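Below is one structure, written out as structure tokens, with a few remarks after it.
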Amino acid sequence: MTKDAQKTFTLTNNESGESWELPVVEGTYGPHCVDIRKLLSETGYITLDPSFTSTGSCKSKITYIDGDKGILLHRGYNIKELAEKSSYLEVCYLLLNGELPKKAELEEFTGHITMHTMIHEQVKAVYQGFRRDAHPMAIMCGVVGTMAAFYHDSLDIWDPEQRRISAHRLIAKVPTLAAMAMKYSKGQPYVHPRNDLNFAENFLHMCFSVPAEEYKLRPSLVKAMDRILILHADHEQNASTSTVRLAGSSQANPMACIASGITSLWGPAHGGANQSVLEMLDEIGSVDNIKEYIAKAKDKSDPFRLMGFGHRVYKNYDPRAEIMRESCHEVLDELGMKDDPQLKLAMELEKIALEDPYFVDRKLYPNVDFYSGIILKAMGFPVEMFTVLFAVSRTAGWISQWKEMMEEPSLRIGRPRQIYVGEAERPYVEMKKRK
Ligand code: SDX
């Protein structure tokens, strides 16, 4: 638990000689923090931290990342144990409620989610408005926000029961919407969810089943799908989660907040990286070209970056990347693709990069996105669906973080300040006098 501030930081204005005592807040783990909530009112000064490198936006009990040790915990449980022993729905319950469910609790939760997987029939009309070649993330931005137009009975953000229903609806329906986006882009008929399948089975079934033949679920692919969903579920206050929290702070409804998270996740610097990694591997083409591209990644005048490498917090291996790499080998072996050229290229790229001082000095390691695209492509997903799958999984983290924020004693709108560096006040200039 966060301890009340016993310690303080002294801030001194060397010009005026004034000093202020700012409270220090310590969490369970991680850097201690200086509570600057009263800085402006007490000192007349604000702080500047454009990409929030040194700024905490909230207290949270959900996820902790130890960037130096490459550790990821969800409610205190290590991602490696969860990936090996848990299931995505159990992790959803854990993120939402703070504890691993007992058997009956998991059965009840699974029942709730299962009962919410279908989509209102009229939502299909929304898809019709998109071009067939629309990027599925563009479709997801639209259709997830559209949920607010269909589920009016669970949008009262102050009612805990309606918050619970909205959370269940989003976790249950986003996969259905995602599968529909994939089917729409392929021109294939939508596949309705089935209550006799578990979460990962149902998602694969909705994505890959066609009316013309029976879809056979492969246990190894179902296991890989569930593990990929576990690995992407939550990750502290990343860009998309922070977007969801900021949207929620204005009291926007949860459907709109999750739609805002999807838009932020789309960026190639964030969740869009898994698609960019595959495109980068295609561009590199062969092991012979790796050195040229490593040089490009190091060249400040070249916008090229090694996609799937680096992380704001991890300055060690992203534990999710390690697990993903193992899954990659398992799935490609199972599919008879262990000699997949892109996997070989990725392994060689990783090896060379991790021996290069530029990457070593900057502690740039593979992140969750480096291997995920290879495994998803091998499973048959189009590259444009990779970030959609990230959004399917991260919906659980986003809505858990939103719920945690809504349960705070007081919800205040997030409203950063700025340092104004523009023109001083000046009089309007009539057109005839403008030079
Ligand atoms: C995700 O925040 C999260 O938790 C996100 C996420 C989650 O689960 O929500 O983990 C998911 O978004 C993973 C990241 C996926 N993105 C990519 O793989 C895109 C490639 N990576 C980079 O764009 C970058 O590493 C970021 C965006 C991930 C992190 O950017 P930072 O923290 O702002 O780092 P930086 O740009 O300040 O880089 C520090 C240095 C710079 O060089 P110098 O100015 O010190 O000389 O490292 C260099 C950068 O140029 N650098 C890279 C690089 N990443 C950083 N150089 C080449 N290739 C890279 N990939």
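The values are calculated or read from the model by the stated rules, or taken from the named source; none is laboratory data. All values reported here derive from a predicted model rather than from experimental measurement. No Cβ is skipped: glycine too gets one built from the backbone with ideal geometry, and neighbour counts run over all protein chains shown. Just the protein is used for accessible areas: all its heavy atoms, side chains included, with ligands, DNA and RNA removed. Shrake-Rupley method; radii C 1.70, N 1.55, O 1.52, S 1.80 Å.
Could you tell me how many of the residues in segment 52-68 are hydroxyl-bearing (Ser, Thr, Tyr), in a loop (DSSP other than H, G, I, E, B) and in contact (Cβ under 8 Å) with a residue 12 or more places away in the chain?
3
If I ask for residues that are polar (S, T, N, Q), surrounded by fewer than 19 Cβ atoms within 10 Å (Cβ to Cβ) and under 25 Å from residue 380 (Cα atoms), which ones from segment 268-296 would you list?
The one that is polar (S, T, N, Q), surrounded by fewer than 19 Cβ atoms within 10 Å (Cβ to Cβ) and under 25 Å from residue 380 (Cα atoms): 286.
List every residue pair whose Cβ atoms sit under 9 Å apart, with the two residues 6 or more apart in sequence or on different chains, where the first one lies in segment 359-374 and is more than 27 Å from residue 331 (Cβ to Cβ) and the second, anywhere, is open to solvent by less than 10 Å² (accessible area, probe 1.4 Å) and near the ligand (Cβ under 8 Å from one of its atoms).
363/314
If you check every pair at least six apart or on different chains, which have Cβ atoms under 6 Å apart with a residue in segment 220-244 that is open to solvent by 20 Å² or more (accessible area, probe 1.4 Å) first and a residue that is within 11 Å of the ligand (Cβ to nearest atom) second?
236/63; 236/65; 239/264; 239/270; 243/261; 243/264
Could you list, in sequence order, all residues of segment 194-219 that are in a loop (DSSP other than H, G, I, E, B) and open to solvent by 20 Å² or more (accessible area, probe 1.4 Å)?
First pass over segment 194-219, keeping only residues in a loop (DSSP other than H, G, I, E, B): 194-198, 209, 211-212, 214-218.
Matches in segment 194-219: 194, 195, 196, 197, 198, 211, 212, 214, 215, 216, 217, 218.
Cβ-Cβ under 8 Å, sequence separation 6+ or interchain: first residue in segment 277-306 and among the basic types (Lys, Arg), partner part of a loop (DSSP other than H, G, I, E, B) and within 12 Å of the ligand (Cβ to nearest atom). Which pairs?
Here the result reads 296/302; 296/304; 298/356, each pair linking segment 277-306 to a residue that is part of a loop (DSSP other than H, G, I, E, B) and within 12 Å of the ligand (Cβ to nearest atom).
Please state which one of 299, 318 is within 13 Å of the ligand (Cβ to nearest atom) and open to solvent by 60 Å² or more (accessible area, probe 1.4 Å).
Testing whether each residue is within 13 Å of the ligand (Cβ to nearest atom) and open to solvent by 60 Å² or more (accessible area, probe 1.4 Å) leaves just 299.
Take residues that are among the β-branched types (Val, Ile, Thr) and tell me which of the helices (runs of 4 or more DSSP H) falling wholly in segment 306-420 contain 2 or more.
319-334, 368-379, 386-406
For segment 195-237, how many residues are closer than 18 Å to residue 144 by Cβ and within 16 Å of the ligand (Cβ to nearest atom)?
4
Of all residues in segment 268-296, which are of a type in the set (A, V, I, L, M, F, W, C) and more than 8 Å from the ligand (Cβ to nearest atom)?
Once the filter is applied, which keeps residues that are of a type in the set (A, V, I, L, M, F, W, C) and more than 8 Å from the ligand (Cβ to nearest atom), segment 268-296 yields 278, 280, 281, 284, 287, 290, 294, 295.
So which helices (runs of 4 or more DSSP H) stay within segment 76-177 end to end and still have 3 or more residues that are open to solvent by less than 10 Å² (accessible area, probe 1.4 Å) and more than 30 Å from residue 318 (Cβ to Cβ)?
Qualifying helices (runs of 4 or more DSSP H): none found.
Here are the criteria: (1) surrounded by fewer than 16 Cβ atoms within 10 Å (Cβ to Cβ); (2) free of Cβ contacts under 8 Å to residues at least 40 places away in the same chain; (3) polar (S, T, N, Q). Tell me which single one residue 260 does not satisfy.
All conditions pass for residue 260, except number (1).
With respect to residue 265, is the statement that it is near the ligand (Cβ under 8 Å from one of its atoms), crowded, with 24+ Cβ neighbours inside 10 Å and touching a residue at least 60 places away in the same chain (Cβ under 8 Å) true?
Considered against the rule, which asks whether it is near the ligand (Cβ under 8 Å from one of its atoms), crowded, with 24+ Cβ neighbours inside 10 Å and touching a residue at least 60 places away in the same chain (Cβ under 8 Å), residue 265 comes out as yes.
Which numbered condition in (1) part of a helix (DSSP H, G or I); (2) open to solvent by less than 60 Å² (accessible area, probe 1.4 Å); (3) in contact with a helix residue (DSSP H, G or I) (Cβ under 8 Å, 6 or more places away or on another chain) is the only one that residue 190 fails?
(1)
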